[in-house]
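The values are calculated or read from the model by the stated rules, or taken from the named source; none is laboratory data. The structure displayed is predicted, hence computed values, not measured ones. Note that we place each Cβ from the backbone using ideal geometry, even for glycine, and neighbour counts take in every protein chain shown. What goes into the accessible areas is simple: the full protein's heavy atoms, side chains included, and nothing from ligands, DNA or RNA. Shrake-Rupley method; radii C 1.70, N 1.55, O 1.52, S 1.80 Å.
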Amino acid sequence: MASTAQRRAGTFIVTKEHRRFEEFASAVRKNRYIGLCFGAAGVGKTLSAQRYANWPYAEALLTEWGPRKRSDAKVYAALARSRALFYTPAVSESVGHLRRDLEQLQGRVNACIDLHGPPDEQKKDSAYRSNNIELVIIDEAERLSTSALEFVRDLFDRSDIGLILIGMPGIEKRMVRYPQIYSRVGFAHQYRPLQGDELSFVLTRHWRKLGLQLDGADFTDAQAIATITRITGGNFRLLHRLFVQIERVLRINELTVITDDVVSAARSTLVIGAN
């Protein structure tokens, strides 16, 4: 089952920025450092992090946590591959709430990983406290208070794990004010918008999803591409939202070509700021 973020963003597309995030996350996980990932809203940070942690497969099970089913074996395998935990704190979350949430998630992820493999190799309930997690990813890290950051830093110090804090541009400057955390930062990764060939690839996918063929040599297509690029700035989330409206405009008007006028009509239904 897809996460809320993925349902709103549509089909996941593996981009160069996602590959760069994978390399960054793997380095943090391997070297057990703290990593900072920052980028503008909507560029794909959350989706990449969830994808890396296999969270779309695991989130429903870890949240509901009911009786086990045979189909849950796929979740156990996914978590055993990633050995990662993804968490988004609530706004103004207290340290106590943060501690309870992370401890609960850690216990459940550990339990799932313990259940992966042949029955004779699975550990008993008493062994679920073992630490199978190698990476903790915290999204929306700006929401963490000073005391919450100190708790996260203490968790990092006491556990043999890597830690990634994801946030908006500027979070790397905020962390400078917390030398006990900043001194432990081993990697920083800026997640950038789509551009160039990568943007063309994603646009081609969107055209095909509508049953259309994108031709960069066609003036109408080239004009539509230019307008879309200007409106979205290569922002992954805005691209998806815009194409939802483009599909609606095409259907209502019984059109089969994405023109500059179609894109402008679709843009007029969105609240995305001046362009």
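The long axis of helix 196-209 is offset from the longest Cα principal axis of the chain by roughly 80 degrees.
Using R0 = 25 Å, the C-beta based FRET efficiency linking Ser71 and Gln104 works out to 0.65. For the chain, the carbon plus sulfur part of the accessible surface works out to 50%, probe radius 1.4 Å.
Excluding Leu165 itself, calculate the net charge of residues whose Cβ lies under 12 Å from the Cβ of Leu165, where each Lys or Arg counts +1 and each Asp or Glu counts -1. Summing Lys/Arg as +1 and Asp/Glu as -1 gives +1.
How much net charge surrounds Leu214 when only other residues with a Cβ under 15 Å from its Cβ are counted (Lys, Arg +1; Asp, Glu -1)?
For residues surrounding Leu214, the net value is -4.
Considering only protein heavy atoms, what per residue accessible area in square angstrom results for the chain with a 1.4 angstrom probe?
52
A DSSP coil position with no more than 12 other Cβ atoms inside 10 Å describes the following trypsin sites (Lys or Arg not before Pro) in the range 39-106: Lys69. Helix-only arithmetic for the chain: the sum of -39500 (n - 2.57) across DSSP H runs with n ≥ 4, divided by the residue total, places the mean residue ellipticity at 222 nm at -16000 deg cm²/dmol.
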